[in-house]
Amino acid sequence: MSPKHTVCFCNNRGGVGKTFMAFQTACEAARSRPDKRVLVIDFSLYSDQTALLLGGSARESFGAPMKGLQVTVDVTTCDTRAEGLIRDLEHAPDAMDCDEDRPASSSIFGTFFSRKRKTTSPGTKTQPRGGGPVDLTRYALRPHDHNPAIPPNLYLIPSAGATSWADTQSDHAGQHGYTDPPEETQIPLWARRGDGWLFAARKLRVALDALPDDFGAVFVDTDHLAACVLTKLALASCEKVIVPLSFDDGDFNRLFQDVTGNALFTDVMVPMETANVLAARVNALVFTKVASTKNEAFITEGGIRSPFKPSATVMAQMDAMARQVQSACQADERYAKLFYRDDAAENSANVSEAKTLVDGPCKPFREKYFSAMKLVPDLAANISKMCGLPICAMTSEKYVAPSGLSGQSAKPVLDGLKAEIRDLAARVLDDAYHAPIDAS
């Protein structure tokens with residue numbers, strides 16, 4: 001039985017709050033349902049999600065690795081991190097498309113992923129060839145064992161930044177037991193083109209479906225390079241995509257048009273939908289880092305439900321951006337189909353409802369697909385990131401970050417943030433995740 005919810009967080013710009021939102025939402029989901037396990041997969045080239053879950057982004061000195069990534073390197077190997085998972089997905093047998101004799105140079109995952117193992121070291125978790133799906137639990141660790149602030153029922157398939165995604169491209173990768181491929185394949189992972197990733201994506205979906213029944217949700221953090229193979233793997237494997245939005249009009253427009261070919265909607269999701277390989281549908285577009293004027297739920301004039309009241313100027317901007325999204329969907333059916341799956345496998349009533357929302361009045365569309373996440377005060381945000389401390393676990397006590405930053409957040413502030421993150425998790429998943437918040 002597959003997890004009830006598989007969610008990826010995607011955007012084509014760094015700094016919009018994607019990883020921070022995914023971190024807080026995943027931890028809240030695990031906290032609110034201690035009877036269910038949560039799996040987080042870090043498919044970002046920067047591996048910031050891994051850093052947060054395994055101890056934080058603090059560095060001992062300039063140029064030193066983030067604490068969480070150092071933990072990752074210390075307790076994992078290239079076989080037990082995300083890069084090992086992708087390699088094994090690529091080379092695992094598939095009854096629908098057996099490619100045992102595929103040449104190494106055909107890999108679209110970069111030189112590391114096209115190498116075949118010379119030998120298997122004793123004690124590795126590498127899955128042997130044979131029938132059945134790839135076992136994702138072989139690559140997962142429990143962050144709570146290294147960072148007690150993380151709920152004990154949350155598991156992570158980590159990556160390690162340059163160690164995972166850059167060092168694997170070096171000329172010295174042979175030390176890991178791989179044969180060097182032809183020189184023409186020496187291309188970084190994120191620059192790979194072609195559709196060879198489809199083979200691995202199909203097997204990742206099967207692997208997600210095969211997770212044990214006690215996994216209630218899977219969250220995948222992706223790279224800000226929307227056209228990156230890692231992001232496409234998530235979009236082809238998950239059921240829902242959450243799109244964090246900034247208020248910068250240029251950033252917003254790059255969802256639809258980007259000179260680098262990384263427009264999330266136009267360059268990535270639309271072609272995937274046209275090729276019938278897009279699994280994820282837009283579940284929510286969430287405005288991030290929104291300043292609050294009042295801690296009470298509010299509906300903008302255009303129909304966007306917010307767990308707090310933004311300023312009038314901000315609300316007008318939110319409504320305008322939402323209107324542009326709906327206008328694009330009404331003008332071009334390719335964009336509309338990013339919001340619903342129009343096939344026989346989908347519940348016809350759900351499809352009809354989604355089409356009505358897209359084609360109908362503005363307010364129902366905005367109410368369904370748009371929300372907001374409050375600007376977290378600088379102290380709470382920095383303590384959370386530097387210490388790997390999710391807001392759902394924070395209290396009003398004084399915290400000291402490794403950098404020396406110290407301070408405490410007022411109980412009403414934390415309670416408000418916790419309630420809003422709880423509401424976001426329940427919106428993304430379901431009401432079973434709407435649990436009472438922990439005391440601050």
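How about region 304-324: which of its residues are out of contact with any strand residue (DSSP E or B) (no Cβ under 8 Å at 6 or more places or on another chain), open to solvent by 70 Å² or more (accessible area, probe 1.4 Å) and under 19 Å from ASN283 (Cα atoms)?
Hits for region 304-324 are ARG323, GLN324.
Look at ALA166 and say whether it is of a type in the set (A, V, I, L, M, F, W, C), out of contact with any strand residue (DSSP E or B) (no Cβ under 7 Å at 6 or more places or on another chain) and either open to solvent by 60 Å² or more (accessible area, probe 1.4 Å) or at pLDDT 50 or above (or both). Before the answer, list the steps.
Details: of a type in the set (A, V, I, L, M, F, W, C): yes; out of contact with any strand residue (DSSP E or B) (no Cβ under 7 Å at 6 or more places or on another chain): yes; either open to solvent by 60 Å² or more (accessible area, probe 1.4 Å) or at pLDDT 50 or above (or both): yes.
The answer is yes for ALA166.
Would you call GLN175 modelled with pLDDT under 95, more than 28 Å from PHE339 (Cβ to Cβ) and in a loop (DSSP other than H, G, I, E, B)?
Values: modelled with pLDDT under 95: yes; more than 28 Å from PHE339 (Cβ to Cβ): yes; in a loop (DSSP other than H, G, I, E, B): no.
Taking the combined requirement at face value, the residue does not satisfy it.
Okay, residues lined up against (1) in contact with a Cys (Cβ under 9 Å, 6 or more places away or on another chain); (2) more than 19 Å from ALA217 (Cα to Cα); (3) among the small types (Gly, Ala, Ser):
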{"residue": "ILE391", "(1), (2), (3)": "yes, yes, no"}
{"residue": "TYR399", "(1), (2), (3)": "yes, yes, no"}
{"residue": "SER406", "(1), (2), (3)": "no, yes, yes"}
{"residue": "ILE421", "(1), (2), (3)": "yes, no, no"}
{"residue": "LEU429", "(1), (2), (3)": "no, no, no"}
{"residue": "ALA432", "(1), (2), (3)": "no, no, yes"}
{"residue": "ALA435", "(1), (2), (3)": "no, no, yes"}
{"residue": "ALA439", "(1), (2), (3)": "no, yes, yes"}
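What are the residues in region 264-283 that are assigned to a strand (DSSP E or B) and either open to solvent by less than 10 Å² (accessible area, probe 1.4 Å) or of a type in the set (Gly, Ala, Ser) (or both), if any?
Kept after step one, since they are assigned to a strand (DSSP E or B), are these residues of region 264-283: 281-283.
Once the filter is applied, which keeps residues that are assigned to a strand (DSSP E or B) and either open to solvent by less than 10 Å² (accessible area, probe 1.4 Å) or of a type in the set (Gly, Ala, Ser) (or both), region 264-283 yields only VAL282.
Any residue at all in region 63-84 that is assigned to a strand (DSSP E or B) and buried (at least 24 other Cβ atoms within 10 Å of the Cβ)?
If we filter region 63-84 for residues that are assigned to a strand (DSSP E or B), which is where we start, we get none.
No, every residue in region 63-84 fails to be assigned to a strand (DSSP E or B) and buried (at least 24 other Cβ atoms within 10 Å of the Cβ).
Taking the criterion of being modelled with pLDDT of 85 or more, crowded, with 16+ Cβ neighbours inside 10 Å and farther than 27 Å from LEU285 by Cβ, would at least one residue in region 180-199 satisfy it? Steps first, please.
Taking region 180-199 first, the residues modelled with pLDDT of 85 or more are 197-199.
Add one more test, that the residue is crowded, with 16+ Cβ neighbours inside 10 Å, and what stays is 197-199.
Now narrow it down to the ones that are farther than 27 Å from LEU285 by Cβ: 199.
Looking through region 180-199, at least one residue is modelled with pLDDT of 85 or more, crowded, with 16+ Cβ neighbours inside 10 Å and farther than 27 Å from LEU285 by Cβ.
Give VAL286, VAL314 a once-over and let me know the one that is assigned to a helix (DSSP H, G or I) and more than 15 Å from TYR340 (Cβ to Cβ).
On the way: VAL286 fails: assigned to a helix (DSSP H, G or I).
Unique residue meeting the criteria: VAL314.
Give the residue that is nearest to ILE242 (Cα to Cα), with candidates limited to residues of region 272-299 that are within 26 Å of the chain's Cα centre (by Cα) and charged (D, E, K, R).
ARG281
Does region 412-419 contain at least one residue that is modelled with pLDDT of 90 or more, crowded, with 22+ Cβ neighbours inside 10 Å, over 24 Å from the mean Cα position of the chain (by Cα) and not hydroxyl-bearing (Ser, Thr, Tyr)? Steps first, answer last, please.
First pass over region 412-419, keeping only residues modelled with pLDDT of 90 or more: 412-419.
Next cut, crowded, with 22+ Cβ neighbours inside 10 Å only: 414, 417-418.
Add one more test, that the residue is over 24 Å from the mean Cα position of the chain (by Cα), and what stays is 414.
Applying the additional criterion that residues be not hydroxyl-bearing (Ser, Thr, Tyr) yields 414.
The answer is yes, given that some residue of region 412-419 is modelled with pLDDT of 90 or more, crowded, with 22+ Cβ neighbours inside 10 Å, over 24 Å from the mean Cα position of the chain (by Cα) and not hydroxyl-bearing (Ser, Thr, Tyr).
Return yes when VAL259 is without any contact (Cβ under 8 Å) to a residue 12 or more places away in the chain and either over 23 Å from LEU53 (Cα atoms) or surrounded by fewer than 24 Cβ atoms within 10 Å (Cβ to Cβ) (or both) and no when it is not.
Details: without any contact (Cβ under 8 Å) to a residue 12 or more places away in the chain: yes; either over 23 Å from LEU53 (Cα atoms) or surrounded by fewer than 24 Cβ atoms within 10 Å (Cβ to Cβ) (or both): yes.
In short, yes.
Looking at (1) out of contact with any helix residue (DSSP H, G or I) (no Cβ under 7 Å at 6 or more places or on another chain); (2) touching a residue at least 24 places away in the same chain (Cβ under 8 Å), which one does GLY250 not meet, given that it meets all the others?
Of the numbered conditions (1) out of contact with any helix residue (DSSP H, G or I) (no Cβ under 7 Å at 6 or more places or on another chain); (2) touching a residue at least 24 places away in the same chain (Cβ under 8 Å), the odd one out for GLY250 is (2).
Go through (1) under 22 Å from LYS18 (Cβ atoms); (2) assigned to a loop (DSSP other than H, G, I, E, B) one by one and return the number of the condition ALA322 breaks.
Against the list (1) under 22 Å from LYS18 (Cβ atoms); (2) assigned to a loop (DSSP other than H, G, I, E, B), ALA322 comes up short only on (2).
Within region 328-364, count every residue that is acidic (Asp, Glu), assigned to a helix (DSSP H, G or I) and at pLDDT 85 or above. Spell out the reasoning first.
Just the residues of region 328-364 that are acidic (Asp, Glu), to begin with: 332-333, 342-343, 346, 353, 359.
Subsequent filtering for residues that are assigned to a helix (DSSP H, G or I) retains 333, 353, 359.
In the following step, the residues that additionally are at pLDDT 85 or above were identified as 333.
Residues in region 328-364 being acidic (Asp, Glu), assigned to a helix (DSSP H, G or I) and at pLDDT 85 or above: 1 in total.
I'd like to verify a number: residues in region 1-32 that are of a type in the set (Gly, Ala, Ser) and part of a helix (DSSP H, G or I), how many? Lay out the reasoning, then the answer.
Just the residues of region 1-32 that are of a type in the set (Gly, Ala, Ser), to begin with: 2, 14-15, 17, 22, 26, 29-30, 32.
When the remaining residues are screened for being part of a helix (DSSP H, G or I), the result is 22, 26, 29-30, 32.
Count: 5.
The values are calculated or read from the model by the stated rules, or taken from the named source; none is laboratory data. Given the structure is predicted, the values throughout are model-derived calculations rather than measurements. Please note: Cβ atoms are built from the backbone with ideal geometry, for glycine as well, and neighbour counts cover all protein chains shown. Just the protein is used for accessible areas: all its heavy atoms, side chains included, with ligands, DNA and RNA removed. Shrake-Rupley method; radii C 1.70, N 1.55, O 1.52, S 1.80 Å.
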